[in-house]
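In what follows, a single structure is set out as structure tokens and then discussed.
The values are calculated or read from the model by the stated rules, or taken from the named source; none is laboratory data. Treat the numbers as computed from the prediction; the structure is a model and nothing was measured. Quick reminder, even Gly has a Cβ in these numbers, built from the backbone with ideal geometry, and neighbours come from all protein chains shown.
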Amino acid sequence: MPDQPYDHDPAPVSASLCVGEAIPPLQRVVTSDAIRTYADASGDHNPLHLDDAFAATTAYGGVIAHGMLTAAYVSFAMQRWLGAGWETESGMSVAFLKAVRPGDEITVTGRIQSREKDGRGVKITCSIDVVNQLGETVLAGTAWGHEVSS
Amino acid sequence: MEFTFQNLEVGQTFPPAHFVVDRDSIKRYRQAIGDDGDGDEREVAPNTFGHIFAVPRVVLPDAIIPAGGVHARQAYEFHRPLRAGERITTTMRVAEKFEKKGRGHLVYEFEVRNEGGDLCLISRMTTIPPR
């Protein structure tokens, strides 16, 4: 298990989402344990993510987290926020911009770019920006889901 | 077959691959991201969990994937969450090839469907193979 406390407070979608509004941020410390657990779950045991000695010989100079671990945090932030509105007829498109290393503190942030009616209700599209503890963007893109009225 | 920029052609398809969604993998995946989903959530996989079944090395275990590639971009359409015990099938094709800043880029597209044929996930994975 990752050796850190996590914030599990639900952050339900509000009744009146506005363009420009920030989505609830999600913070994580990317521990070596989280990287190993992700490797086991995904079957991706690339030594670049797990072997310090090997990773030191690569252009990265050391172990880095799986890009998809960071993307999974984005999905979790959207899941926490939109709930069922994230589970179906949703999506994301992201670019991996900078390596995430063990011990990095990352924050998933985003803002609502548009709200538009479609066949399922109101589609919400958000910009996504994941930053590290230095304020550097490590992942950026968009994600979309739907408002689900409670 | 070696998955290099030169060897692959746009539109190329590969034999479908079949999997069973494993409950323990869902649990470990949730642990990795700090998601302590309980109750029914233990049976339902987070949306990005489907990525596990939508990468070339998993769909084609015999393929030679050159080391040192970069996963540059990732896009998904999520249509239906995967559930523990579900039997799924992944199909894969080369959707796009292009060069940017002197580097070849390969875009793979994956479709993941359940045994009823329902579309669960579409993934578009952009990679930069090593030179």
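Observations on the model:
Quick grid of which residues meet (1) closer than 17 Å to A:Ala95 by Cβ; (2) outside any helix (DSSP H, G or I); (3) within 11 Å of another protein chain (Cβ to nearest Cβ):
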site: B:Tyr29; (1), (2), (3): no, no, yes
site: B:His51; (1), (2), (3): yes, no, yes
site: B:Ala67; (1), (2), (3): no, yes, yes
site: B:Leu106; (1), (2), (3): yes, yes, no
site: B:Val112; (1), (2), (3): no, yes, no
site: B:Ser123; (1), (2), (3): yes, yes, yes
site: B:Thr126; (1), (2), (3): yes, yes, yes
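- Qualifying residues in region A:98-118 (those that are hydrophobic (A, V, I, L, M, F, W, C) and assigned to a loop (DSSP other than H, G, I, E, B)) - the one farthest from A:Gln27 (Cα to Cα): A:Ala99
- Across region B:81-95, the qualifying residues are those that are assigned to a strand (DSSP E or B) and within 14 Å of another protein chain (Cβ to nearest Cβ), and the one among them that is farthest from A:Glu87 (Cα to Cα) is B:Ala95.
- The listed residues are B:Phe49, B:Phe78, B:Phe53, and the only one of them that is of a type in the set (Phe, Trp, Tyr) and touching an Asp or Glu at 6+ places or on another chain (Cβ under 9 Å) turns out to be B:Phe78.
- Checking every residue in region B:34-42 against the condition of being modelled with pLDDT under 95, at the interface with chain A (Cβ under 8 Å from one of its Cβ atoms) and in contact with a helix residue (DSSP H, G or I) (Cβ under 6 Å, 6 or more places away or on another chain) gives at least one match.
- Residues satisfying the stated conditions in region A:125-146, i.e. out of contact with any Gly (no Cβ under 6 Å at 6 or more places or on another chain) and touching a residue at least 24 places away in the same chain (Cβ under 8 Å): A:Val130, A:Val131, A:Asn132, A:Gln133, A:Glu136, A:Thr137, A:Val138, A:Leu139, A:Ala140, A:Gly141, A:Thr142, A:Ala143
- Options A:Pro25, A:Pro47, A:Pro5; residue that is in contact with a helix residue (DSSP H, G or I) (Cβ under 8 Å, 6 or more places away or on another chain), over 30 Å from A:Ala59 (Cβ atoms) and either at pLDDT 90 or above or exposed (fewer than 15 other Cβ atoms within 10 Å of the Cβ) (or both): A:Pro25
- Inside region A:113-139, residues that are more than 21 Å from B:His79 (Cα to Cα), touching an Asp or Glu at 6+ places or on another chain (Cβ under 7 Å) and surrounded by fewer than 19 Cβ atoms within 10 Å (Cβ to Cβ) make up a count of 2.
- Region B:46-65 - residue that is within 15 Å of B:Thr126 (Cα to Cα) and not basic (Lys, Arg) and, of those, surrounded by the fewest Cβ atoms within 10 Å (Cβ to Cβ): B:Ile65
- Any hit, region B:2-16, residues being within 14 Å of chain A (Cβ to nearest Cβ) and in contact with a Ser or Thr (Cβ under 9 Å, 6 or more places away or on another chain): no
- Residue within region A:72-84 that is free of Cβ contacts under 8 Å to residues at least 40 places away in the same chain, within 18 Å of B:Ala67 (Cα to Cα), under 19 Å from the mean Cα position of the chain (by Cα) and crowded, with 19+ Cβ neighbours inside 10 Å present: no
- Residues of region B:94-122 that are within 20 Å of B:Ala84 (Cβ to Cβ) and crowded, with 16+ Cβ neighbours inside 10 Å: B:Val112, B:Arg113, B:Asn114, B:Cys120, B:Leu121.
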